[in-house]
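Down below is the structure, laid out as structure tokens.
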Amino acid sequence: MSIAAQPLPPRGSDIAEGPVPVAASTIAAKPSALSDYAQLFKVRVTALIVITAWAGYYMGAAKTGVSSVSWTPLNALWGIGLTCAGSAALNEVLERKIDARMKRTRNRPLPAGRMDATTGLIAGVVATLVGSLSLAMATNVLTGVLAFATAATYLALYTPLKRISPISTFVGAFPGAMPPLLGWTADEIEVRVHELLALVQLESAAIVNRFPAQLSGGQRQRVGLARALAARPKIMLMDEPFGALDALIRDELAADYRAIHDKLGLTTILVTHDMTEAFLLADRIAVMRDGELLQVATPKELAAAPTGDFVKRLIEIPRQRAEKLAKAMQSA
């Protein structure tokens, strides 16, 4: 019996042009379906990407003290992991013929023939779409769109370019850098909620998981104010914002809003029938009667030179109340 020598591939290359004989003793058992899907979705690479995405979430949360271990990051990491796994599967579908020629990859389920291309394609598309949509719904639309765009860039640009041009290295840097950014953007809503609650003097840990019926009147008013500030408006229109509150909470919330107004540089148009409130809060007061604008002035100017009897009587009300209160306190 004689054994013919087989030519070896060039040194430094793992591409074999022809069949490579395998000794009977080295033939491994057929991998399970679970193992095949793990290879298709590149579970180890996906796990590393999920970890880097969590690092991005952690850095975004650290500045406000938001927990980086909660349902929001878990939902975000699930979506990022699915999108990444789907991209990996679609990449293997596109490169299955090349993988079949490489010793390192020829035993993957697609090039080895244990899984057909249609199955791999369906698995990849479903994972990518479900991952992107779950990110959009569980975190925010921006994160979902960025995840889908990252997958599209990886598959449509990087994958074909890496075989024909060194530009692929530059293109591939973008999807490679996206996981931490996805973690950061996924954190945006939760961080913003905690920022707003802190701004309106509410303790987020005690408030964030409560239903409206579990909040006091003052807390509801503060939450409403936080919701109005969420879109970062430049102008706030407020119609009797403190009218339904008791006196103590009303004064406290009014003072807090004035501080927020100054801190954020807002323009606030506040409608009120309470002249005391107007004098204490406003930079300028516009007095109206029956839809007619009677006078616009600073509180000091209005008190010093009211135009007309109506304006004069209106600004006398706070003074009259103060005098009545002083007499009542003296006689008590």
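The values are calculated or read from the model by the stated rules, or taken from the named source; none is laboratory data. Model, not experiment: these values are computed from the prediction. Neighbour counts are summed over all protein chains in view; Cβ atoms, including those assigned to glycine, are modelled from backbone coordinates with ideal geometry. Ligands, DNA and RNA are stripped out before the accessible areas are found, and what is left, the full protein with its side chains, is counted by its heavy atoms. Shrake-Rupley method; radii C 1.70, N 1.55, O 1.52, S 1.80 Å.
Note on the range 47-71: residues that are of a type in the set (S, T, N, Q), assigned to a helix (DSSP H, G or I) and either open to solvent by less than 20 Å² (accessible area, probe 1.4 Å) or at pLDDT below 80 (or both) total 0. Being of a type outside the set (Val, Ile, Thr), out of contact with any Pro (no Cβ under 8 Å at 6 or more places or on another chain) and open to solvent by 30 Å² or more (accessible area, probe 1.4 Å) is a property that PRO179 lacks.
The set of residues in the range 234-254 that are open to solvent by less than 60 Å² (accessible area, probe 1.4 Å), at pLDDT 85 or above and either more than 19 Å from ALA282 (Cα to Cα) or assigned to a helix (DSSP H, G or I) (or both) comprises LEU253, ALA254. Candidates in the range 72-119 are the residues that are of a type in the set (D, E, K, R) and part of a loop (DSSP other than H, G, I, E, B); of these, the one that is surrounded by the most Cβ atoms within 10 Å (Cβ to Cβ) is ARG108.
So for the range 264-280 (the condition being acidic (Asp, Glu), open to solvent by less than 60 Å² (accessible area, probe 1.4 Å) and not in a helix (DSSP H, G or I)), does at least one residue qualify?
Initially, the range 264-280 is screened for residues acidic (Asp, Glu), giving 274, 277.
Imposing the further condition that a residue be open to solvent by less than 60 Å² (accessible area, probe 1.4 Å) reduces the set to 274, 277.
From the residues that got through so far, the ones that are not in a helix (DSSP H, G or I) too are 274.
Yes, because at least one residue in the range 264-280 is acidic (Asp, Glu), open to solvent by less than 60 Å² (accessible area, probe 1.4 Å) and not in a helix (DSSP H, G or I).
When ILE260 is tested against (1) free of Cβ contacts under 8 Å to residues at least 60 places away in the same chain; (2) surrounded by 15 or more Cβ atoms within 10 Å (Cβ to Cβ); (3) of a type in the set (Val, Ile, Thr), only condition (1) is not met. In this structure, ALA136 qualifies as without any contact (Cβ under 8 Å) to a residue 60 or more places away in the chain, assigned to a helix (DSSP H, G or I), closer than 16 Å to TYR57 by Cα and of a type in the set (Gly, Ala, Ser). Examine the range 308-315 for a residue that is buried (at least 16 other Cβ atoms within 10 Å of the Cβ), over 27 Å from ARG192 (Cα atoms) and small (Gly, Ala, Ser), and state whether such a residue exists. There is no residue in the range 308-315 that is buried (at least 16 other Cβ atoms within 10 Å of the Cβ), over 27 Å from ARG192 (Cα atoms) and small (Gly, Ala, Ser).
Conditions (1) part of a helix (DSSP H, G or I); (2) under 20 Å from ALA127 (Cβ atoms); (3) open to solvent by 60 Å² or more (accessible area, probe 1.4 Å), marked per residue:
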| site | (1), (2), (3) |
| --- | --- |
| GLY144 | yes, yes, no |
| ILE164 | no, no, yes |
| THR169 | yes, no, yes |
| HIS194 | yes, no, no |
